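Please read the structure below before turning to the comments.
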There are 2 protein chains.
Amino acid sequence: MAQQTLPATGREWHLAARPSGWPTPEDFALVEAPVSAPGAGQIVVRNEFLSVDPYMRGRMNDVKSYVPPFRLGAVMDGGAVGRVVASEAEGFAVGDAVLHGLGWREYATLDAAKAVKVDDSLPLQAYLGVLGMTGLTAYAGLLEVGSFKEGEAVFVSGAAGAVGSMVGQIAKLRGASLVVGSAGSPEKVRKLVDEFGFDAAFDYKAGPVAEQLAKAAPEGIDVYFDNVGGEHLEAAIGALTLRGRAVLCGAIAQYNEAGAPVGPRNLALAIGKRLRLEGMLVGDHYALQPAFAAEVGGWLREGRLHVEETVVDGFEHSVDAFIGMLRGANTGKMLVRVEG
Amino acid sequence: MAQQTLPATGREWHLAARPSGWPTPEDFALVEAPVSAPGAGQIVVRNEFLSVDPYMRGRMNDVKSYVPPFRLGAVMDGGAVGRVVASEAEGFAVGDAVLHGLGWREYATLDAAKAVKVDDSLPLQAYLGVLGMTGLTAYAGLLEVGSFKEGEAVFVSGAAGAVGSMVGQIAKLRGASLVVGSAGSPEKVRKLVDEFGFDAAFDYKAGPVAEQLAKAAPEGIDVYFDNVGGEHLEAAIGALTLRGRAVLCGAIAQYNEAGAPVGPRNLALAIGKRLRLEGMLVGDHYALQPAFAAEVGGWLREGRLHVEETVVDGFEHSVDAFIGMLRGANTGKMLVRVEG
């Protein structure tokens, strides 16, 4: 089958040490590794964009979790899109655009069965964001786990992030009465209102979350989409109305704390208010994928979604992009463009 | 209609002061008050048993909650059973046994529409416990809120209490693979295993809850029925398996703390394990009443339920019974027999 001349080697990012607390560049190693020729049924992909995501921080710890930990001395896998440069697989031609899970490397050799061909009339990086896992996380979390209904009020933390900014927009497009977001800088707050169309937003660093939330949503909230945990979750439990729901999607505020995090001290309010708090992982919601792709793809083509990406140029800056994302340097989806 | 000679006065317990922390006898006042003759459609009930319940502690605080606070200088209402001694209401005759909500008094004059006639071939006090709100709380909480299914492992805190002992028994009768309870004394622990049929039980005062729970349920639990909050809830979050559920029914460990309670520091585990935590009040589940009465009433008549009551004799000891219940002096439902 088709084949281009493959380079002998490509660069990969390996996990060099397990961080305690915030990761540092020393926890990673940039390694030159051989590029394998494709076996039967395999393809070689030259990656164009890599995804860096909060859940990856969890995989750096050596603890049993919903995804296995990264192995020391091995590649940091993750979502990536690129184009086929060699193929020994039926139905995959050189030049095809594909989405796959072998990120953090320039070239990936993999079974074609583990790659998905994507329509390249949309920008490829959309498949790592708004049309990918982050979009589906927002869609499934808000609608399925959070049981959001038209006319309800929604609060999202980490709202300027990839998932958060989609949650707010889906809520608005689905008829929310009020959408409030929190983020970590005045510039992000401005963007939430001016560009993502949130009704209100606040900077959680500017004052107690509970007070700012009460000001933004004086009649309370019906759904809270939690990307951060900690103080935000406690404030949301206080603000949720009768039979309110909290979607527990992330706890980025806690991922890098070496000490024990603080739990919501007001959880007993859940009894009288009959609150429901429910954890979610996107992997449980693939059945929604067709409905999601149709509805969100439609919004995207109609220009009704504001999509922001923070693109870091150059494979050698992947670690900077990852650490920056953990510290909130991004607006919208954080991506690495492999060829800087 | 029928009427006996009514006494001029009867005794009532009033709320005299709002406690901060644990209630003391000084927060209550025993008052001699006139017994009203029944108006049209009304009955007068001579109470035989009064219920004292954890939720009443919450009503002593002047805070908006799911039930309005008790008023200062007014009677502490609550569940009671007794017999009609005067009736101006169709369908209610002197001698009828009734269940109603005007407890903490010897005589209650009320609209017959607010009383329920009960079958006195069963002991009247069953309607305050196993066949009443506490039984329905256990039944609805385990089966509806907790989505318990045959073959699952269940952990109950406050297991020797009225609700907790029913939760464990319903779980066993419905085919649980394992039922573990915690309680606050070695004697209660013994009773849970020997008399209520729990598979395992431990004394939460004898060591860390998480360690004792791990020993009793080494493969984890599927449903946690929470009557206490605090350390128990945190331990349960740690022990819950994938898609486990926590039914938040009570937080007795926190009711009397003047300081802020501690929230579960490990709540972020709910994300990866997709846990669901949900608050409940029995009032949302009255639709289950017929199924509950049929199933639990059947078990009761067949002698398949072990029912324990702690009966305090004498209306004048109602406050002692209430405070004793809050401190864990009871096994099973705590009741006051009005005529000591």
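The values are calculated or read from the model by the stated rules, or taken from the named source; none is laboratory data. Nothing here was measured: the structure is a model prediction, and the numbers come from that model. Note that we place each Cβ from the backbone using ideal geometry, even for glycine, and neighbour counts take in every protein chain shown.
Among the residues of the range B:106-136, which ones are among the hydroxyl-bearing types (Ser, Thr, Tyr) and modelled with pLDDT of 95 or more?
Across the range B:106-136, the qualifying residues are B:TYR107, B:THR109.
Considering only residues that are touching a Phe, Trp or Tyr at 6+ places or on another chain (Cβ under 8 Å) and more than 22 Å from B:ALA291 (Cα to Cα), which ones fall in the range B:137-159?
Selection gives B:PHE155, B:VAL156, B:SER157, B:ALA159.
Please report, ordered by residue number, the strands (runs of 3 or more DSSP E) entirely within the range B:241-340 with at least 2 residues that are within 14 Å of chain A (Cβ to nearest Cβ).
Strands (runs of 3 or more DSSP E) meeting the threshold: B:276-279.
Please count how many residues of the range B:227-249 are closer than 16 Å to B:GLY168 by Cα and either touching a Gly at 6+ places or on another chain (Cβ under 7 Å) or not assigned by TED's automatic domain parsing to the domain that holds B:THR137 (or both).
6
State which residue is nearest to the chain's Cα centre (by Cα) when the search covers only the range B:182-219 and only residues that are under 23 Å from B:GLY132 (Cα atoms) and among the aromatic types (Phe, Trp, Tyr).
Per the criteria, the residue is B:PHE196.
In the range A:34-41, is there at least one residue being touching a Lys or Arg at 6+ places or on another chain (Cβ under 6 Å), in contact (Cβ under 8 Å) with a residue 12 or more places away in the chain and in a strand (DSSP E or B)?
no
Restricting to the range B:37-95, give me the number of residues that are closer than 18 Å to B:GLU339 by Cβ and of a type in the set (Asp, Glu).
1
Sort out which residues of the range B:256-305 are within 30 Å of A:GLY229 (Cα to Cα), touching a residue at least 12 places away in the same chain (Cβ under 8 Å) and aliphatic (A, V, I, L, M), and write them in order of number.
Correct list: B:ALA258, B:VAL262, B:LEU267, B:LEU269, B:ALA270, B:LEU275, B:LEU277, B:MET280, B:LEU281, B:VAL282.
What is the number of the single condition among (1) over 28 Å from the mean Cα position of the chain (by Cα); (2) modelled with pLDDT of 95 or more that B:ARG11 does not meet?
Here B:ARG11 clears every test but (1).
Answer yes or no as to whether B:ALA113 is more than 12 Å from B:PHE49 (Cα to Cα), of a type outside the set (Val, Ile, Thr), under 24 Å from the mean Cα position of the chain (by Cα) and crowded, with 22+ Cβ neighbours inside 10 Å.
So B:ALA113 fails the test.
Go through B:PHE155, B:PHE202 for me and flag whichever is buried (at least 24 other Cβ atoms within 10 Å of the Cβ), more than 14 Å from chain A (Cβ to nearest Cβ) and not aliphatic (A, V, I, L, M).
Being buried (at least 24 other Cβ atoms within 10 Å of the Cβ), more than 14 Å from chain A (Cβ to nearest Cβ) and not aliphatic (A, V, I, L, M) holds for just one of B:PHE155, B:PHE202, which is B:PHE155.
Evaluate the following for A:ASP226: is it modelled with pLDDT of 95 or more, within 20 Å of A:GLY332 (Cβ to Cβ) and among the charged types (D, E, K, R)? Let's see the steps before the verdict.
Values: modelled with pLDDT of 95 or more: yes; within 20 Å of A:GLY332 (Cβ to Cβ): yes; among the charged types (D, E, K, R): yes.
Criteria met by A:ASP226.
When you check B:GLY238 against the structure, is it assigned to a helix (DSSP H, G or I), within 14 Å of another protein chain (Cβ to nearest Cβ), without any contact (Cβ under 8 Å) to a residue 24 or more places away in the chain and under 30 Å from A:GLY238 (Cβ atoms), yes or no? Explain how you work it out, then say what you get.
Values: assigned to a helix (DSSP H, G or I): yes; within 14 Å of another protein chain (Cβ to nearest Cβ): yes; without any contact (Cβ under 8 Å) to a residue 24 or more places away in the chain: no; under 30 Å from A:GLY238 (Cβ atoms): yes.
No; evaluated as a whole, the condition is false for this residue.
Condition check ((1) of a type in the set (A, V, I, L, M, F, W, C); (2) more than 21 Å from the chain's Cα centre (by Cα); (3) surrounded by 14 or more Cβ atoms within 10 Å (Cβ to Cβ); (4) assigned by TED's automatic domain parsing to the domain that holds A:LYS117) across all residues:
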site: A:VAL31; (1), (2), (3), (4): yes, yes, yes, yes
site: A:ALA37; (1), (2), (3), (4): yes, yes, no, yes
site: A:ARG59; (1), (2), (3), (4): no, no, yes, yes
site: A:PRO69; (1), (2), (3), (4): no, no, yes, yes
site: A:VAL84; (1), (2), (3), (4): yes, yes, yes, yes
site: A:ALA93; (1), (2), (3), (4): yes, yes, no, yes
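Which residues, taken from the range A:42-88, are assigned to a helix (DSSP H, G or I) and either more than 16 Å from A:LEU335 (Cβ to Cβ) or not aliphatic (A, V, I, L, M) (or both)?
Residues satisfying the conditions are A:TYR55, A:ARG57, A:GLY58, A:ARG59.
Tell me the residue from B:GLY272, B:GLY279, B:GLY263, B:GLY314 that is of a type outside the set (A, V, I, L, M, F, W, C) and surrounded by 23 or more Cβ atoms within 10 Å (Cβ to Cβ), please.
Being of a type outside the set (A, V, I, L, M, F, W, C) and surrounded by 23 or more Cβ atoms within 10 Å (Cβ to Cβ) holds for just one of B:GLY272, B:GLY279, B:GLY263, B:GLY314, which is B:GLY279.
Only one of A:HIS306, A:HIS285 is surrounded by fewer than 19 Cβ atoms within 10 Å (Cβ to Cβ) and touching a helix residue (DSSP H, G or I) at 6+ places or on another chain (Cβ under 6 Å). Can you tell me which?
That would be A:HIS285, the only listed residue that is surrounded by fewer than 19 Cβ atoms within 10 Å (Cβ to Cβ) and touching a helix residue (DSSP H, G or I) at 6+ places or on another chain (Cβ under 6 Å).
Going by the conditions given, is B:VAL179 more than 14 Å from chain A (Cβ to nearest Cβ), without any contact (Cβ under 8 Å) to a residue 24 or more places away in the chain and either over 20 Å from the mean Cα position of the chain (by Cα) or surrounded by 23 or more Cβ atoms within 10 Å (Cβ to Cβ) (or both)?
no
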